Amino acid sequence: MSARIVYIGAPEVPAALFERRALADCPGLDLLASDERAAAARDLEATEVLIGHHFQFDAAMLARAPRLRWIQSLTSGTDAIMKLPTLLPKVIVTSTRGMHGPQVSELVFLDMLSLLRDFPRMLRNQAAGRWEQWPQRLLSGRIVVIVGVGAIAEALAERCKAFGMAVHGVSGRTQLPRNFDAMHGRAQLAQAASLADFLVLLVPHTPATESLVDASVIAAMKPEAFLINVARGGVLDETALLRALRAGRLAGAALDVFRERPLPADHPLWREPRVIVTPHIGGMSDIYFEQAYPVVRDNLRLFLAGRLEALINVVAR
């Protein structure tokens, strides 16, 4: 089948590279690929497929694409798409879920080691020329509790076990995944949090997970524990987190996602001494295109063959 396809590029997934690869894999493709969102969205009347990052789409764009049948997100998250009021029920949405395990896991390890060893303090001492030593705590023997058990959590769990950590999951899944020592239902979140040396949030943001980690969950954590959010800002009560940190009821936190994006310059999280702020880089990598393209290519081939029922990573509606 033939279909008009629009690809919106970004620095890590440039339009020229996608166009070259896609035309080689699917000769004769009716493709408009552009790194300029406005140019890509100029004429959508005949467009049946949109490919891009989930935050590149808006309600007006979808409203101008009456023949739209499929949206391929270049990210694992699709919440920005699913919330659009002009997303018609007939439109299939797919993601690149499963490709972000390496980069998110490495950021979590950067956070865990930095928090546990107080690496920000070392950097401050370096800037001041101050020689100061203190006992260095190890990851070995610590308990990590991962809230949300999917492909990224499984990649993280494998790495945690290599460091001698115990891994617990919080999920609706009943079967114990590989490299997990225990699983807890979401109703037992507070109980699971009480066991954690590190509480890592990887759960998608949905109405059911809005402020899932609230004041009661944070209060259940040990005072020497750390919280790491690499999921979405909406799953965490940031106000409750700040209160716990300032009251000394939590040792620290590392946050890559926030309710406001980008995080405003005057937000108190920037200046909280026991918080590590990163600018939503968890999903980024220097090989992002190579990670994402195989899923997009396979889905494109399936779509062109008319096999919509076989598309990979379809997002439930």
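Within the set G283, G306, the sole residue that is of a type in the set (G, A, S), surrounded by fewer than 16 Cβ atoms within 10 Å (Cβ to Cβ) and out of contact with any Pro (no Cβ under 9 Å at 6 or more places or on another chain) turns out to be G306.
All conditions in (1) over 26 Å from F180 (Cβ atoms); (2) surrounded by 19 or more Cβ atoms within 10 Å (Cβ to Cβ); (3) touching a Gly at 6+ places or on another chain (Cβ under 9 Å) hold for R261, with the sole exception of (2). The requirement of being surrounded by fewer than 20 Cβ atoms within 10 Å (Cβ to Cβ), within 24 Å of G282 (Cα to Cα) and either polar (S, T, N, Q) or not assigned by TED's automatic domain parsing to the domain that holds V145 (or both) is satisfied by T206. Kindly list, by first and then second residue, each pair from a residue in the stretch 77-102 that is within 15 Å of I51 (Cα to Cα) and free of Cβ contacts under 8 Å to residues at least 40 places away in the same chain to a residue that is charged (D, E, K, R) and surrounded by fewer than 22 Cβ atoms within 10 Å (Cβ to Cβ), limited to pairs with Cβ atoms under 7 Å and residues at least 6 apart or on different chains. Going by the 7 Å Cβ cut-off, the qualifying pairs are V91/R69. Criterion first (in a loop (DSSP other than H, G, I, E, B), surrounded by fewer than 22 Cβ atoms within 10 Å (Cβ to Cβ), of a type in the set (D, E, K, R) and at pLDDT 95 or above) does R67 satisfy it? Yes: the conditions hold for R67. Pairing residues of the stretch 220-234 that are under 22 Å from R249 (Cβ atoms) with residues that are assigned to a strand (DSSP E or B) and not hydrophobic (A, V, I, L, M, F, W, C), at Cβ distances under 6 Å and at least 6 apart in sequence or on separate chains, gives F226/G252.
Just so you know, in the stretch 1-56 the residues that are of a type in the set (S, T, N, Q) and in contact with a Gly (Cβ under 9 Å, 6 or more places away or on another chain) include one that is modelled with the lowest pLDDT, and it is S2. Quick check, is E260 farther than 20 Å from V149 by Cα, touching a Lys or Arg at 6+ places or on another chain (Cβ under 8 Å), assigned by TED's automatic domain parsing to the domain that holds R121 and not small (G, A, S)? Spelling it out, it is not the case that E260 is farther than 20 Å from V149 by Cα, touching a Lys or Arg at 6+ places or on another chain (Cβ under 8 Å), assigned by TED's automatic domain parsing to the domain that holds R121 and not small (G, A, S). Selection of first residues in the stretch 252-281 that are part of a loop (DSSP other than H, G, I, E, B) and of second residues that are among the basic types (K, R), restricted to Cβ pairs under 8 Å at least 6 apart or on distinct chains, gives the following pairs, ordered by first then second residue: V257/R232; E272/R246; H280/R261.
Against the list (1) assigned to a loop (DSSP other than H, G, I, E, B); (2) at pLDDT 95 or above; (3) surrounded by fewer than 18 Cβ atoms within 10 Å (Cβ to Cβ), the condition A316 fails is (2). Out of R97, R124, one residue alone is crowded, with 19+ Cβ neighbours inside 10 Å, out of contact with any Asp or Glu (no Cβ under 7 Å at 6 or more places or on another chain) and farther than 16 Å from T278 by Cα. It is R97. Screening P14 on (1) closer than 20 Å to G283 by Cβ; (2) of a type outside the set (S, T, N, Q); (3) touching a strand residue (DSSP E or B) at 6+ places or on another chain (Cβ under 6 Å); (4) surrounded by fewer than 18 Cβ atoms within 10 Å (Cβ to Cβ) shows it passes everything except condition (3).
Residue count for the stretch 28-41 satisfying the condition of being under 17 Å from A10 (Cα atoms) and assigned to a loop (DSSP other than H, G, I, E, B): 3.
Looking only at residues in the stretch 86-120 that are assigned to a loop (DSSP other than H, G, I, E, B) and of a type in the set (S, T, N, Q), the one that is farthest from I228 (Cα to Cα) is T86.
The values are calculated or read from the model by the stated rules, or taken from the named source; none is laboratory data. If you're wondering where the values come from, they're calculated on a predicted model, not measured in any experiment. Backbone-built Cβ (ideal geometry, glycine too); neighbour counts: all protein chains shown.
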